[in-house]
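The values are calculated or read from the model by the stated rules, or taken from the named source; none is laboratory data. Note that the coordinates shown come from a computational prediction; the quantities given were computed from them, not determined experimentally. Positions of Cβ are generated from backbone atoms using ideal geometry, with glycine treated the same way; all protein chains shown enter the neighbour counts.
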Amino acid sequence: MTTPLIRGRGLGRIYGALTALADADFEVMPGEVRGLVGSNGAGKSTLVKILTGAVEPTSGTVEIMGEPVKLGDPSEMIRRGVACIYQHSNLAPAMSVMDNVFLGRQPVGRFGRIDKKKLEADTRALMAKHGMAIDPLATVGNLPTVKQKEVEILKALALEARVLLMDEPTGWLSAADVARLHQTIRTLRASGVAIVYISHMLDEIFSVCDTVTVMRDGRVIAECGIAEVRRARLVELMVGEKLARDSAAAASVARRPGGTGEIRLAVRDLSKKGVFRDISFDLHAGEILCLTGLIGSKRTELMRVIFGADRADGGSMTVAGQTVDFHSPGAAMAAGIGFVPEDRHRDGLMLGLSMTDNLIMSTIPQVCRSIFLDRSRVAATAKRLVADLAIQPPDVNKPARLFSGGNQQKILVGKWLNLGPKILILDEPTVGVDVGAKAEIYGILRAQRDAGAAILVVSSDLEEVTTVADRIAVMVSGRMVGIHDADAIDRSRLIEEIGGVA
Amino acid sequence: MIASVPALGRRLAPHALPLAMLVIIIAFAVSEPAFLKPDNLIGIVRQVAITGIMAVGMTFVIMTGGIDLSVGPVLALSGVIALFSLDAGVPLPLSIVAGLSVGLVVGLLNGFIVARLELPPIIVTLAMLSMVRGSALLIGGPDLHPIRGHEAYAAIGSGDFLGLPISVHLFAAVTVLMVLVQKLTPLGLLVAAIGENERAARLSGHRTRLTKMALYAICGVGAAIAGIVQSSQVHTASAVYGEFGTELDVIASVVLGGTSLMGGNGSIARTILGVMFLGIINNGMNILNVPIDIQLIAKGVIIAVSLALSEWRA
Ligand SMILES: Nc1ncnc2c1ncn2[C@@H]1O[C@H](COP(=O)(O)OP(=O)(O)OP(=O)(O)O)[C@@H](O)[C@H]1O
Ligand SMILES: [Mg+2]
């Protein structure tokens, strides 16, 4: 039997009173794609960060090709061929694509200056090899999220990594992009790279992984070949039987297309030059309308305009019959609109502030008495939201940065629920959220709907769209191409429409 | 065992400043017992009041990732305007308001350009530094203008109340007010939110630009108050007061207090610690008769070392 490329034994990490990881054994063979699954806060990212050297374990050892390595030292791990694509971008946003890909290792020409020509050529060659197409000179910060992810993958590939760790790499990728990424993974696997693949999308795990490791509450609780386990069993292992049942039940709740019939938000011929055109639709009270489409079909841009974060060039909007023209998010909120943005780190959370501060951030007037913050109201609000959303750990004073990805997402949703919005817009609300918590978030959205809120969900995840939508709208390249009752359209028809095969 | 040294360091790092202060106070007290006399201690607070008031105003600006380099000339101009108003027969309260409005106007301008036009604060306020200094010289000329016959005005800087200098009362009042604003009002939370993530703050419905304008205005008014205290303390107003280095002391105090120049978390209360730290160093070295050139060098070294210590945390 060959030695594992990377092997961790007895790994543990303790943060104060919290055990993020306990006594974990973990190994990956050359040419193996190992899925790593578990609910939010199970310790997946912690394990991966130990393997990249970003986090020093409080116990345990790591061997690479049978040799023990020094832990807690990222440069040592990179030298030994361990690369990682994190949940969130680690790129330098102000630098160009090619500079990012070869950061710190740019080819040097005469006089010690960076050889831009060669750098560009190298980047292009690398992209050609892996079937990617990005302008090497583009500034990373200006690229859409999906392209940024590709740059990160490219960066890892440029390192000729032997161990590639992927922590939720497909967060914001469309189905086609995911398929392409999986193709890349298979190519890498064939060349003997060991890959760790973390995802909450079990479809992906089943499609690309050879083996799967299940984590729960900081422990590795199961390991097996992917062929030996069924989906339902995996969910049960991850979240326990009760939540597994709930999440299965979440898929089969009666739909309410058209809601109460009262039009809450009417959008007419909304246009923004070079972005989207002639968008018209109605959103009813008491319904969930899902807006789906490919990444880059300008759904986020449309939502930002509706929320007053950007201005439209033409068209009109009415909220509950009143014509509106929001010049700022504050104005939209005053009209009862809430907006959960897609990128929680860039647009959503104040990572350095406590969970409490984040939870009250959009509803500060509600927790004030005259001009002062009312501490008891603040604390009560935070406590209620933490309980409603089952945020783990329920430590309200902990900075948002220190929560696991899925729990950060719950904080972000919670912050808007507190507004009690009449119209709630959510942009990719369950990226990085585990199956159990997804069911919980869907439950919360349905409860809001049943209480009469109008809910607009932007989602690229067809599973999510078909689960939660009462009606489905499809956007292709800045045009709205169709709106359907969720029961009246089947999945293959939907996929065709999303792809623009009208 | 080896790991425990950095671990200890990491635990102590947040308290580096108070600890360093303690060490220095003990050192000064041992070499010159007069250092600990109440008179000297009150003297220290009186000496730092001017820098302190400015540092308190500057803290919020720095917390949002901004900076205000124009405080020195604002200090000068507000003193000149207040005095000229008095000399022109304007009643005392109105003259003070005139002086303060200098800070308000300059601050609002800074804030408008930074927040609305989105230009870098360091450039904007550097340009403003030059323009305000120029205006002060235009109005006041290069001369010192003695304050004569305005006892009530002079009392602001040199009078006593309840056994303490009025300037110390003012410093304390400004500090308490701003600590309360930071701890108890939404503005305090909003400042931290903008420093952490301005985009997210805006998407949470906050009027981030207006808030930033207000913060620069607060900073400007702080500098103007300092200008009135300063001119009344030395019984002269001059367009050349608040010379180069004033803003550095103010910024150093804020940063020593643990506020990052990159924005994000910060605290008015800790800024006061930074102010006192610089004040104690200055005073101790004066008492020990350290020559001024050596004082400047020593001060620079101490600032650099303390900052390095607090950065070490990461
Ligand atoms: N620096 C830290 N300080 C304190 N607690 C931490 C820190 N980093 C992680 N944690 C905690 O450790 C636990 C495990 O977090 P981890 O990020 O590994 O979860 P995860 O399995 O990746 O979850 P997700 O699916 O949500 O990304 C969480 O409860 C988290 O709050
Ligand atoms: Mg994670």
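A single member of B:V102, B:V80 is out of contact with any strand residue (DSSP E or B) (no Cβ under 7 Å at 6 or more places or on another chain) and either under 12 Å from B:S231 (Cα atoms) or surrounded by 24 or more Cβ atoms within 10 Å (Cβ to Cβ) (or both), and it is B:V102. Each residue in the stretch A:390-428 was checked for being assigned to a loop (DSSP other than H, G, I, E, B) and either within 9 Å of ligand 1 (Cβ to nearest atom) or of a type in the set (S, T, Y) (or both), and 6 pass. Every condition in (1) more than 11 Å from chain B (Cβ to nearest Cβ); (2) within 25 Å of A:M303 (Cβ to Cβ); (3) at pLDDT below 90 is met by A:Q392 except one, and the failing one is (2).
For beta carbons closer than 7 Å, sequence separation of 6+ or different chains, a first residue in the stretch A:421-435 that is in contact (Cβ under 8 Å) with a residue 12 or more places away in the chain and a second that is within 16 Å of ligand 2 (Cβ to nearest atom) and β-branched (V, I, T), the qualifying pairs are A:D434/A:V239; A:V435/A:V239.
Please work out which residue is surrounded by the fewest Cβ atoms within 10 Å (Cβ to Cβ), limiting yourself to the stretch A:411-428 and to residues that are more than 13 Å from chain B (Cβ to nearest Cβ) and modelled with pLDDT under 90. Among residues in the stretch A:411-428 that are more than 13 Å from chain B (Cβ to nearest Cβ) and modelled with pLDDT under 90, the one surrounded by the fewest Cβ atoms within 10 Å (Cβ to Cβ) is A:G420. Starting from residues that are more than 8 Å from ligand 1 (Cβ to nearest atom) and either free of Cβ contacts under 8 Å to residues at least 40 places away in the same chain or assigned to a helix (DSSP H, G or I) (or both), keep the ones in the stretch A:37-55 and report whichever is nearest to the other protein chains (Cβ to nearest Cβ). The qualifying residue nearest to the other protein chains (Cβ to nearest Cβ) is A:A54.
Restricting to the stretch A:365-387, name every residue that is of a type in the set (V, I, T), facing chain B (nearest Cβ under 9 Å) and part of a helix (DSSP H, G or I).
Let us first name the residues in the stretch A:365-387 that are of a type in the set (V, I, T), namely A:367, A:371, A:378, A:381, A:386.
Applying the additional criterion that residues be facing chain B (nearest Cβ under 9 Å) yields A:367, A:371.
A:V367, the sole residue that qualifies.
Flag set for B:A16, criterion: touching a Leu at 6+ places or on another chain (Cβ under 6 Å) and at pLDDT below 90. The set of residues in the stretch A:71-89 that are loosely packed, with under 14 Cβ neighbours inside 10 Å and either within 16 Å of ligand 2 (Cβ to nearest atom) or under 30 Å from A:N142 (Cβ atoms) (or both) contains only A:S75.
What's the number of the condition A:L265 fails, among (1) outside any strand (DSSP E or B); (2) under 26 Å from A:T467 (Cα atoms)? So the condition that A:L265 fails would be (1). Regarding A:R299, is this residue more than 9 Å from every other protein chain (Cβ to nearest Cβ), of a type in the set (K, R) and either within 19 Å of A:S460 (Cα to Cα) or crowded, with 17+ Cβ neighbours inside 10 Å (or both)? When the stated conditions are applied, A:R299 passes them. Within the set B:A239, B:A308, the sole residue that is over 16 Å from B:T51 (Cβ atoms), over 17 Å from the mean Cα position of the chain (by Cα) and surrounded by fewer than 16 Cβ atoms within 10 Å (Cβ to Cβ) turns out to be B:A308. Every test in (1) modelled with pLDDT of 90 or more; (2) of a type outside the set (V, I, T); (3) surrounded by fewer than 19 Cβ atoms within 10 Å (Cβ to Cβ) is passed by A:K49 save one, and that test is (3). With respect to the conditions (1) away from chain A (no Cβ under 14 Å); (2) touching a Lys or Arg at 6+ places or on another chain (Cβ under 8 Å); (3) over 18 Å from B:V56 (Cβ atoms), B:R116 falls short on a single one, namely (1). Of the helices (runs of 4 or more DSSP H) lying entirely inside the stretch A:110-227, those containing at least 2 residues that are among the acidic types (D, E) are A:116-129, A:145-158, A:202-208.
Could you look through the stretch A:325-357, keep only residues that are surrounded by fewer than 18 Cβ atoms within 10 Å (Cβ to Cβ) and of a type outside the set (G, A, S), and pick out the one that is farthest from the other protein chains (Cβ to nearest Cβ)? Of everything passing the filter in the stretch A:325-357, A:D325 is farthest from the other protein chains (Cβ to nearest Cβ).
Yes/no per residue for (1) at negative phi; (2) more than 15 Å from ligand 1 (Cβ to nearest atom):
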residue	(1), (2)
A:E168	no, no
A:A175	yes, yes
A:R180	yes, yes
A:R186	yes, yes
A:V193	yes, yes
A:V196	yes, no
A:E228	yes, yes
A:A232	yes, yes
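Taking the numbered list (1) within 14 Å of chain A (Cβ to nearest Cβ); (2) in contact (Cβ under 8 Å) with a residue 24 or more places away in the chain in turn, B:A223 passes all entries but (1). Here is the figure for the stretch A:20-48: residues that are more than 23 Å from A:E204 (Cα to Cα) and away from ligand 2 (no atom under 16 Å from the Cβ) total 3.
This table checks each residue for (1) more than 7 Å from ligand 1 (Cβ to nearest atom); (2) assigned by TED's automatic domain parsing to the domain that holds A:D395; (3) part of a strand (DSSP E or B); (4) under 22 Å from A:V431 (Cβ atoms).
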{"residue": "A:P4", "(1), (2), (3), (4)": "yes, no, no, no"}
{"residue": "A:I14", "(1), (2), (3), (4)": "yes, no, yes, no"}
{"residue": "A:A20", "(1), (2), (3), (4)": "no, no, yes, yes"}
{"residue": "A:D23", "(1), (2), (3), (4)": "yes, no, yes, no"}
{"residue": "A:G35", "(1), (2), (3), (4)": "yes, no, yes, yes"}
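For the stretch A:312-324, how many residues meet the condition of being of a type outside the set (A, V, I, L, M) and either surrounded by 15 or more Cβ atoms within 10 Å (Cβ to Cβ) or within 14 Å of another protein chain (Cβ to nearest Cβ) (or both)?
At the first step, the residues of the stretch A:312-324 found to be of a type outside the set (A, V, I, L, M) are A:313-316, A:318, A:321-323.
Remaining after also requiring either surrounded by 15 or more Cβ atoms within 10 Å (Cβ to Cβ) or within 14 Å of another protein chain (Cβ to nearest Cβ) (or both): A:315, A:318.
Count: 2.
Residue-level analysis places A:A285 outside the set of residues that are surrounded by fewer than 21 Cβ atoms within 10 Å (Cβ to Cβ) and either touching a residue at least 24 places away in the same chain (Cβ under 8 Å) or within 14 Å of chain B (Cβ to nearest Cβ) (or both).
Go through the stretch A:478-498 residue by residue and tally those that are within 22 Å of the chain's Cα centre (by Cα) and surrounded by fewer than 22 Cβ atoms within 10 Å (Cβ to Cβ). Quick ask: steps written out before the conclusion?
Initial filter on the stretch A:478-498 (within 22 Å of the chain's Cα centre (by Cα)): A:495, A:498.
Checking the rest, the ones that are also surrounded by fewer than 22 Cβ atoms within 10 Å (Cβ to Cβ) come to A:495.
So the answer is 1.
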